[in-house]
Structure formats: C-alpha cells, structure tokens
1. So which of TYR157, TYR165, TYR221 is touching a strand residue (DSSP E or B) at 6+ places or on another chain (Cβ under 8 Å) and either in the same structural domain as SER79 (by TED's automatic domain parsing) or closer than 30 Å to HIS102 by Cβ (or both)?
2. Among the numbered criteria (1) surrounded by 16 or more Cβ atoms within 10 Å (Cβ to Cβ); (2) in the same structural domain as GLU38 (by TED's automatic domain parsing); (3) under 22 Å from the mean Cα position of the chain (by Cα), which one does LEU139 miss?
3. Just checking, does the range 64-73 include any residue being at pLDDT 95 or above, among the aromatic types (Phe, Trp, Tyr) and at negative phi?
4. Among the residues of the range 35-56, which ones are surrounded by fewer than 17 Cβ atoms within 10 Å (Cβ to Cβ) and either farther than 17 Å from ILE133 by Cα or among the aromatic types (Phe, Trp, Tyr) (or both)?
5. Out of LEU222, LEU232, I need the residue that is modelled with pLDDT under 90, surrounded by 11 or more Cβ atoms within 10 Å (Cβ to Cβ) and within 24 Å of GLU50 (Cα to Cα). Which one?
6. Go through the range 12-24 and give me each residue that's crowded, with 16+ Cβ neighbours inside 10 Å and either in contact with a Gly (Cβ under 8 Å, 6 or more places away or on another chain) or of a type outside the set (Val, Ile, Thr) (or both).
Amino acid sequence: MDELKECISKHAVNNVKEIENIICNMVCTKNDLIPLSEKNLIKALNIDGEFLALKLHYNNFEDELKSEKIKYKISQSLSVIVCYEDDSNSYEKIGNFVEYIHGISDEKQNSIFGVKRVTKLSEHPITILFSGILPINQLKMTVGQKIYDLIHSDDEYFQPLFKKYRDTISEEVGVPILPLFPILDDELSEFHVRLVDQLDGRVISEFEVCHEISKTTLDVYLQKLVYVYKILMQEKGCKA
C-alpha cells in the first residue's frame, strides 16, 4: 500500500490521513468477489485534474434517482472507480448501482468497480472515487421546458448527435469532453438555454432559441456551444 499512500499524499491537500484510509480501503484482493487493484487506484489519481472520494449506503439508491447527484458528478470525472461491500445479501443492490453508473458513463471515461467480501456491511458500504475532474467539464446547463422536451424526445437520434459534437470539441481542444446533462429549470422561459461555470457560479453563455426549433435546426445552436467550449478552454488553459 506504500505506493498508493504516497500517491494520495502527493495529490491530497487536506485531511490526507482520512482520504488515505478511505481510498486504501477500496482495494479488493484476489480473494474478494471482484478484485480492484492498487494500481487501478493509482492510475486514476494520476489523471490530470481534481479528485473526490464519496461514501454511500445502498439505501441511497432511490434518493439518487431523484437528486441525480452522482450522475452529475460522474459527468465531470474522467475516471469513476467504485468499491462495493457484499455480505452475501447485497447482490441485487450492487447490481442496481452498477447498472445505473454504467448507463450514464461515457466511453471516454475509465469506469471500473470491485466487490469486497465482508461478513457485515459497514456504515457506508459503497465508496466512489471520482478523478480527472477538469474545469472544462465542470459546467452546468439549464434549459426551459420546450428545449428539455425536444432533447428528450428521441434518444436514438439525439444521443449520437450530441456525441458527435463532443467528439469534435474534444479533438479540437485536446481534452475529453464528457456528456453535459441539461437540467430543467422552470424559472427559465421555455426556449431559454443557460450555461454556468460551477466553480464560480458565473454564467458562461445564455440565449433563446427560435420557437420553430426542431431536430434539423438544432445544429445551429450546437455549433454555438462548440464555439463557447473552444473559447472557454482557451480561457481556462490560460488560467492554468
């Protein structure tokens, strides 16, 4: 564990011992149900960007479906590693979380998990390590009702389209751009879009789309977002 502890000490700023205990306890050996190696954790911590360790209980699953806190944290992280505890009675609960996280993870992300064999579950039997959290992926998009309805009206069409634009931006700025999950904001007008920097709460861009917007006319606004991302990357790159 010495190499992992050294890596944590190198990257952690505060509460180093506490973070060390949390992350080191994620290691699952070959004797566990699904191994999770020390090397996997070291590799995740060494990705450029910040990291966050979060502890949960299986009972938090229903809350997550409503709040989507994990979902939006995953959308900011280039790597998501999860350690689950199993006391021989947690198979279904683990399956729910695995399926949920897999369903919202992107191919640009490193997403793996291990399952630790225990006789009794701890207070928090799930530990998630989010890493590779870059400023460019710490954006929040809120939209009005009509925009929200449109982009959720046909997943088979829109998901590949959004991926195409993310791939274009990623290639141009040299950084993997992760999925940005738009949030419905009832306080916005129906055709309003707002992009906010979660680091400082600054509004990066906001605009109204035309009321006749459709699948075929949405490209104009996606091109606008490509431009915003490129300018924002230059700005954040200069700050770095």
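1. On the way: TYR157 fails: touching a strand residue (DSSP E or B) at 6+ places or on another chain (Cβ under 8 Å); TYR165 fails: touching a strand residue (DSSP E or B) at 6+ places or on another chain (Cβ under 8 Å).
Of TYR157, TYR165, TYR221, the one residue that is touching a strand residue (DSSP E or B) at 6+ places or on another chain (Cβ under 8 Å) and either in the same structural domain as SER79 (by TED's automatic domain parsing) or closer than 30 Å to HIS102 by Cβ (or both) is TYR221.
2. LEU139 satisfies all of (1) surrounded by 16 or more Cβ atoms within 10 Å (Cβ to Cβ); (2) in the same structural domain as GLU38 (by TED's automatic domain parsing); (3) under 22 Å from the mean Cα position of the chain (by Cα) except (2).
3. No, the range 64-73 contains no residue that is at pLDDT 95 or above, among the aromatic types (Phe, Trp, Tyr) and at negative phi.
4. PRO35, SER37, LYS39, LYS55
5. On the way: LEU222 fails: within 24 Å of GLU50 (Cα to Cα).
Matching residue, one of LEU222, LEU232: LEU232.
6. Applying the first criterion (crowded, with 16+ Cβ neighbours inside 10 Å) to the range 12-24 yields 12, 19-20, 22-23.
Result: ALA12, GLU20.
The values are calculated or read from the model by the stated rules, or taken from the named source; none is laboratory data. Computed from a predicted structure; not experimentally measured. All Cβ positions, even for glycine, are placed from backbone atoms using ideal geometry, and neighbour counts span all protein chains on display.
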